[in-house]
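Participant: Handing you a structure now.
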Amino acid sequence: MSAAAVHSLWTTAADPISKIDAPKIEYGQLSPTLIVIGAALVGVLIEAFVPRRSRYYAQVFVSVVALCAAFAAVVALAADGYGTTKARIAAMGALAVDGPALFLQGTILLAGLVGLFTFAERRLDPAAHGNRVDSFAAQAASVPGSDSEKAAVKAGFTTTEVFPLLLFAVGGMLMFPSANDLLTLFVALEVFSLPLYLLCALARRKRLMSQEAAVKYFLLGAFASAFTLFGIALLYGYAGSLSYGRIAQVVDGTATDVDPALANTMGNDALLLVGGAMLLMGLLFKVGAVPFHMWTPDVYQGAPTPVTGFMAAATKVAAFGALLRLLYVVLPGLRWDWRPVMWAVAIITMLGGAIVAITQTDIKRLLAYSSIAHAGFILAGVIATSKDGVSSVLFYLAGYSFVTIGAFAVVTLVRDAGGEATHLSKWAGLGRRSPLVAAVFAVFLLAFAGIPLTSGFAGKFAVFKAAADGGAVPLVVVGVISSAIAAFFYIRVIVLMFFSEPRPEGPTVAVPSPLTMLAIGVGVAVTLVLGVAPQYFLDLANQAGVFVR
Amino acid sequence: MSFPLLTATAALPALGAVATAAVPAARRTAAKWLALVVSLATLALAVTVLLRFDPDGDRYQLTESHAWIKDFGVRYELGVDGIAVALIALTAVLIPFIILAGWHDADPLETGSRRWRPTQGFFALILAVEAMVIISFEATDVFLFYIFFEAMLIPMYFLIGGFGDRAHEHGEETAATQRSYAAVKFLLYNLAGGLIMLAAVIGLYVVAGNFSLTQIAEARADGSLQMATSTERWLFLGFFFAFAVKAPLWPLHTWLPNAMQESTAPVAVLITAVVDKVGTFAMLRFCLQLFPEASTWATPVILVLALISIVYGALLAVGQRDIKRLVAYASISHFGFIIMGIFAMTSQGQSGATLYMVNHGISTAALMLVAGFLISRRGSRLIADYGGVQKVAPVLAGTFLIGGLATLSLPGLAPFVSEFLVLVGTFARYPVIGIIATFGIVLAALYTLVLYQRTMTGPVKPEVSAMPDLRVRELVVVAPLIALLIVLGVYPKPVTDIVNPAVQQTMSDVHKKDPKPEVEAAK
């Protein structure tokens, strides 16, 4: 027997390599995500190879260029019609390139860019040993209060890793709302969550609090991820596929071919309901909706304020995008099952956030609870299940993210000897001392409160209108009541700033570099433009209001 | 395209506000003069509007219409009817006096930060309020109206909370606390009202598909837009609630005494004589036109609430120890009359109510501003701290008396005409309510005359003995107001001529005709 013949007894020849189809990747359509992730990798290399002195500049340069380029790519894709007529599913069904995805990616990129400006701010803290410092720990690995920390500060170390971390987070966020199968959704979730956990732990001041916040965020986030993953597994069992379109077909009952391996479970409604609920839970956690909001105040308070601002804005945009796609593409056939639940979640989120915020004494915690209340308002638009619902949520998110980043950027300016003075009592009389800063913050607060001629009002009006059109009138009434409650604590801060006597040992307002000024300026400009002349942006959101499936 | 006169009338004070706010800290006096000049120029524009307005012409005149937020069905639509013209004129007339009366109210006590510019802020805020009030009177798009109705709260809030009387019987610390309490109360009441109205505004959009007052009213009249009875009632209540808070109507009135007591006299006048008029005006324009059936349905309850306002406000005014609080409760009583006139659904009642808005603005301004001059001299708002002022400062006392007499509707002064019309109009349809409301007048005489007696007559209190009489600036404020009161009291025809056609229109909106006079036939 020849050697070849013997060999063929226990092996069979595989098909030639040429028969395996190489995955077809539409690089052009995925360019926004690819650019950002590529730049993040470049950032890692910069950390490794560029001398410490010039790292900061190299990182800021690369990040800014990457975010701008990615935004340009989004605009180019949208101009090419990918948001409307040429909307499609790319990368072997993993990612959708459609209106909502492009709109949200554009918003995330701009929010990331503005957030980056606040990350790069180095004028607020007094220089330590002749080195200009930013809001991040000198060396993350050094134990707080230890000699090695002092040595790191003295050596002028800075954690320039924050820039690639930011880019990784942005990259994940870009994928999250465009994910078109459940596995991609999960990967994107982890890709943007892990850098955020790290960023939360990196505060330069109050490091223990910052690390505590990061641990809390990580543990609860891991829980939520586990829920999500479990839900995904159950949904797979239900539909025999991870792809959104396929699951939707099975839910509708339009799928005819049954996977023989899953014949016993496929179409089992218990799997669908439990799996869908768990998946929703994971997303509602990221959104910060009651009762999955517990992490929000602690993390918002403990994280370095630039991170808080970025996270509060961009995470919300990404998570709501994913939520919208899930509910509108995968589960529309299940509308009658999830709507009552989401009604309840929206109502307790609006009321809970607004009521608990009243008792807060720390400005960052207050903004955290306010963000919870806003999540409730946005949910009201999500529930509308109409094209108006989608576009109103898109518009709301765009307006909200810039107000949020701007507001947190103002928080970084008000400082005393211990760093940022976040206790509300220290903000008393700020309007006397620095009228301009107080006025800008008042604009943001009024936008949060939804006063006319700010983006907050236009957004709120849009989501409530969509909700009322969709038959959710009680939801609108609750929304209006919680707006009134929420207005109370926003106004309280304004009272404090303008009508209270300044404290003799009160905080000072640091004069920031043009970076933070730019971030705040963009925030104010967007707030007013979206408030006074929202039509163009409403049109944009309207055009972007159709999901591809 | 013709010159956008209405936009200009609102835009001028808005631009003036920005310019005033931008005046450097050291040029305080320049800011004052700038504000005064702007307010006078606005008055000139308002007079132009008045002259260009043809009482017998179209219902809405000088109209402007531009697309604004297409998605929400919102248009930038302006237009004035007779009622709006009268109120715009009132606003434009009062603001220069308010500015002049508050000339020194916002001078900084000590030099704070170099950039702290309270004076500039004070006058800029007054002009901002004027701009927003005027555009609210002009807007014929519900959404446009709503936006400024709400946005108005912000400058008002800063005026109440940021600027108070120089002297305060409990010291500056308490004064600041009470001021910010009053400001927050003002804002929360009105914001709550406004947000409930927002729900109704959204509801209106869901039902009607656009916000144009003229289009909706037309569609309602020709039957192409039907509303379910319950829908119409809920929407009406949403709108009415906001206007009743603003007006204010009992039991939603409690923010007014605080706000008027704590703010300076000119700001108090701004609240009660100008801003609150938007509430009563909006009842006439929006509640009656958009929801005629629901308005008729709600009339009995609203009339009773108005009646309670009249009597309750007057009774509480009698019991006040604080001059400004007294005027505030008197105003609540007067707003009761205005709302009663509107919902009596007779043409006399509604013309009377409109005229009442104008007259109440002027008479309250006269009384309150003189009271402010008085308070700034003695440094106390308590009635008990005064006595015998008429011997020391006869001109001040005399003008105070005329303001007071106007408030109690003495024949010959302007408020008499309107109060009479309102009572006659109410009596024609609801005799019992008309009769009870008459007691309000008696009580008005009581609180006004007792106030005068306690402060101005009797032995001269030692603290008052050196009180200077009215200065030239103060005379310039008071004299024209008193002249207006007398002129309109003797010859109200110019105002009623402008107002009456609009009132007839509104009456036909709610499908009401005046009841025929009944004469008991002799048998």
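Participant: Considering every residue within the range A:502-514, establish whether at least one is surrounded by fewer than 22 Cβ atoms within 10 Å (Cβ to Cβ), within 26 Å of the chain's Cα centre (by Cα) and away from chain B (no Cβ under 12 Å). Outline the logic, then answer.
Facilitator: Step one: filter the range A:502-514 for residues surrounded by fewer than 22 Cβ atoms within 10 Å (Cβ to Cβ), giving A:502-506, A:508-511, A:513-514.
Next cut, within 26 Å of the chain's Cα centre (by Cα) only: A:513-514.
Adding the requirement that they be away from chain B (no Cβ under 12 Å) leaves A:513-514.
Checked the range A:502-514: at least one residue is surrounded by fewer than 22 Cβ atoms within 10 Å (Cβ to Cβ), within 26 Å of the chain's Cα centre (by Cα) and away from chain B (no Cβ under 12 Å).
Participant: Something else now. Against the definition (among the aromatic types (Phe, Trp, Tyr), within 22 Å of residue A:459 (Cβ to Cβ), within 14 Å of chain B (Cβ to nearest Cβ) and in a helix (DSSP H, G or I)), how does residue A:395 come out, yes or no?
Facilitator: For residue A:395, the condition - among the aromatic types (Phe, Trp, Tyr), within 22 Å of residue A:459 (Cβ to Cβ), within 14 Å of chain B (Cβ to nearest Cβ) and in a helix (DSSP H, G or I) - is met.
Participant: Still on this structure, I have one more. Go through B:30, B:35 for me and flag whichever is at pLDDT 80 or above, out of contact with any Asp or Glu (no Cβ under 9 Å at 6 or more places or on another chain) and more than 17 Å from residue B:11 (Cα to Cα).
Facilitator: B:30
Participant: The conditions are (1) more than 10 Å from chain B (Cβ to nearest Cβ); (2) part of a helix (DSSP H, G or I); (3) at pLDDT below 90, and residue A:529 fails exactly one of them. Which is it?
Facilitator: Among (1) more than 10 Å from chain B (Cβ to nearest Cβ); (2) part of a helix (DSSP H, G or I); (3) at pLDDT below 90, the lone unmet condition for residue A:529 is (3).
Participant: Got a number for residues in the range A:532-546 being more than 9 Å from chain B (Cβ to nearest Cβ), surrounded by fewer than 19 Cβ atoms within 10 Å (Cβ to Cβ) and assigned to a helix (DSSP H, G or I)?
Facilitator: Matching residues across the range A:532-546 total 3.
Participant: Which members of the range B:181-238 meet the condition of being under 17 Å from residue A:449 (Cα atoms) and in contact with a strand residue (DSSP E or B) (Cβ under 8 Å, 6 or more places away or on another chain)?
Facilitator: none
Participant: Follow-up. Looking at residue B:85, is it touching a residue at least 24 places away in the same chain (Cβ under 8 Å) and crowded, with 23+ Cβ neighbours inside 10 Å?
Facilitator: Values: touching a residue at least 24 places away in the same chain (Cβ under 8 Å): yes; crowded, with 23+ Cβ neighbours inside 10 Å: yes.
It is true that residue B:85 is touching a residue at least 24 places away in the same chain (Cβ under 8 Å) and crowded, with 23+ Cβ neighbours inside 10 Å.
Participant: Would you be able to say whether some residue in the range B:134-142 is within 10 Å of chain A (Cβ to nearest Cβ) and more than 22 Å from residue B:476 (Cα to Cα)?
Facilitator: No: the range B:134-142 contains no residue that is within 10 Å of chain A (Cβ to nearest Cβ) and more than 22 Å from residue B:476 (Cα to Cα).
Participant: Kindly establish whether residue B:454 is crowded, with 20+ Cβ neighbours inside 10 Å and either part of a helix (DSSP H, G or I) or under 25 Å from the mean Cα position of the chain (by Cα) (or both).
Facilitator: no
Participant: Here is a follow-up. List the number of the failed condition for residue B:198; all other conditions in (1) over 22 Å from residue B:152 (Cβ atoms); (2) hydrophobic (A, V, I, L, M, F, W, C); (3) over 21 Å from the mean Cα position of the chain (by Cα) hold.
Facilitator: For residue B:198, the exception is condition (1).
Participant: Got a sec? Which of B:186, B:211 is over 29 Å from residue B:61 (Cα atoms) and within 14 Å of another protein chain (Cβ to nearest Cβ)? It would help to see each step written out before you state the result.
Facilitator: Numbers: B:211 fails: over 29 Å from residue B:61 (Cα atoms).
Result of the check over B:186, B:211: B:186.
Participant: Mind listing whichever residues of the range A:297-310 are surrounded by fewer than 24 Cβ atoms within 10 Å (Cβ to Cβ) and under 14 Å from the mean Cα position of the chain (by Cα)?
Facilitator: Those that are surrounded by fewer than 24 Cβ atoms within 10 Å (Cβ to Cβ) and under 14 Å from the mean Cα position of the chain (by Cα): none in the range A:297-310.
Participant: Within the range A:451-461, which residues are closer than 24 Å to residue A:343 by Cβ and facing chain B (nearest Cβ under 7 Å)?
Facilitator: Once the filter is applied, which keeps residues that are closer than 24 Å to residue A:343 by Cβ and facing chain B (nearest Cβ under 7 Å), the range A:451-461 yields only A:461.
Participant: Another question, then. With the requirement that a residue be more than 7 Å from chain B (Cβ to nearest Cβ) and on the phi < 0 side of the Ramachandran plot, what does the range A:462-479 give you? Working first, answer last.
Facilitator: Our first condition is that a residue be more than 7 Å from chain B (Cβ to nearest Cβ); within the range A:462-479, this holds for A:462-463, A:466-467, A:470-475, A:478-479.
Within the range A:462-479, A:462, A:463, A:466, A:467, A:470, A:472, A:473, A:474, A:475, A:478, A:479 qualify.
Participant: Read through the list (1) aromatic (Phe, Trp, Tyr); (2) surrounded by fewer than 16 Cβ atoms within 10 Å (Cβ to Cβ); (3) under 18 Å from residue B:350 (Cβ atoms), then give the number of the only condition that residue B:491 fails.
Facilitator: (3)
Participant: A further question on this structure: Which one is nearest to the other protein chains (Cβ to nearest Cβ), of the residues in the range B:54-68 that are in contact (Cβ under 8 Å) with a residue 40 or more places away in the chain and closer than 30 Å to residue B:207 by Cα?
Facilitator: Taking the range B:54-68 as the starting set, the residues that turn out to be in contact (Cβ under 8 Å) with a residue 40 or more places away in the chain are B:55-56, B:59-60, B:62-64, B:68.
Filter again for closer than 30 Å to residue B:207 by Cα, leaving B:59-60, B:62-64, B:68.
Working: B:59: 27, B:60: 23, B:62: 23, B:63: 21, B:64: 17, B:68: 7 Å.
Filtering first and then ranking leaves B:68.
Participant: What do you reckon, is residue A:447 more than 11 Å from chain B (Cβ to nearest Cβ), surrounded by fewer than 24 Cβ atoms within 10 Å (Cβ to Cβ), closer than 26 Å to residue A:301 by Cα and among the small types (Gly, Ala, Ser)?
Facilitator: Against the criterion (more than 11 Å from chain B (Cβ to nearest Cβ), surrounded by fewer than 24 Cβ atoms within 10 Å (Cβ to Cβ), closer than 26 Å to residue A:301 by Cα and among the small types (Gly, Ala, Ser)), residue A:447 does not qualify.
Participant: For the range A:19-50, which positions are buried (at least 17 other Cβ atoms within 10 Å of the Cβ) and hydroxyl-bearing (Ser, Thr, Tyr)?
Facilitator: The answer is A:31, A:33.
Participant: Mind listing whichever residues of the range B:325-358 are under 26 Å from residue B:454 (Cα atoms) and either buried (at least 24 other Cβ atoms within 10 Å of the Cβ) or at pLDDT 90 or above (or both)?
Facilitator: B:326, B:327, B:328, B:329, B:330, B:331, B:332, B:333, B:334, B:335 - these are the residues of the range B:325-358 that are under 26 Å from residue B:454 (Cα atoms) and either buried (at least 24 other Cβ atoms within 10 Å of the Cβ) or at pLDDT 90 or above (or both).
Participant: Is it the case that the range B:353-371 has a residue that's assigned to a helix (DSSP H, G or I), over 28 Å from residue B:83 (Cβ atoms) and over 15 Å from the mean Cα position of the chain (by Cα)?
Facilitator: Within the range B:353-371, one or more residues are assigned to a helix (DSSP H, G or I), over 28 Å from residue B:83 (Cβ atoms) and over 15 Å from the mean Cα position of the chain (by Cα).
Participant: Still on this structure: If a residue must be among the hydroxyl-bearing types (Ser, Thr, Tyr) and in contact with a Phe, Trp or Tyr (Cβ under 6 Å, 6 or more places away or on another chain), how many such residues does the range B:443-491 contain?
Facilitator: 1
Participant: Take the residues in the range B:50-79 that are out of contact with any Leu (no Cβ under 6 Å at 6 or more places or on another chain) and hydrophobic (A, V, I, L, M, F, W, C), then tell me which one is farthest from residue A:392 (Cα to Cα).
Facilitator: Of everything passing the filter in the range B:50-79, B:51 is farthest from residue A:392 (Cα to Cα).
Participant: Tell me which residues, restricted to the range A:429-450, are modelled with pLDDT under 85 and either in a loop (DSSP other than H, G, I, E, B) or farther than 29 Å from residue B:194 by Cα (or both).
Facilitator: A:429, A:432, A:433, A:434
Participant: What pairs come out if I take residues in the range A:112-137 that are in a strand (DSSP E or B) and pair them with residues that are surrounded by fewer than 20 Cβ atoms within 10 Å (Cβ to Cβ) whose C-beta lies under 8 Å away, six or more apart or interchain?
Facilitator: Qualifying pairs under 8 Å: A:128/A:153; A:128/A:154; A:128/A:156; A:131/A:156; A:136/A:204.
Participant: Of everything in the range A:187-201, what is aliphatic (A, V, I, L, M) and surrounded by fewer than 24 Cβ atoms within 10 Å (Cβ to Cβ)? Give them in sequence order.
Facilitator: A:187, A:191, A:194, A:198, A:201
Participant: If you check residue B:202 against the conditions, is it aliphatic (A, V, I, L, M), touching a Leu at 6+ places or on another chain (Cβ under 7 Å), within 9 Å of chain A (Cβ to nearest Cβ) and part of a helix (DSSP H, G or I)?
Facilitator: On the way: aliphatic (A, V, I, L, M): yes; touching a Leu at 6+ places or on another chain (Cβ under 7 Å): no; within 9 Å of chain A (Cβ to nearest Cβ): yes; part of a helix (DSSP H, G or I): yes.
Judged against the criteria, residue B:202 is not a match.
Participant: Would you be able to say whether some residue in the range B:308-324 is closer than 30 Å to residue B:216 by Cβ and surrounded by 24 or more Cβ atoms within 10 Å (Cβ to Cβ)?
Facilitator: yes
Participant: Among the residues of the range A:428-458, how many are among the aromatic types (Phe, Trp, Tyr) and more than 12 Å from residue A:497 (Cβ to Cβ)?
Facilitator: Here the count works out to 2.
The values are calculated or read from the model by the stated rules, or taken from the named source; none is laboratory data. Every value quoted in this text rests on a predicted model; they were computed, and no experiment measured them. Positions of Cβ are generated from backbone atoms using ideal geometry, with glycine treated the same way; all protein chains shown enter the neighbour counts.
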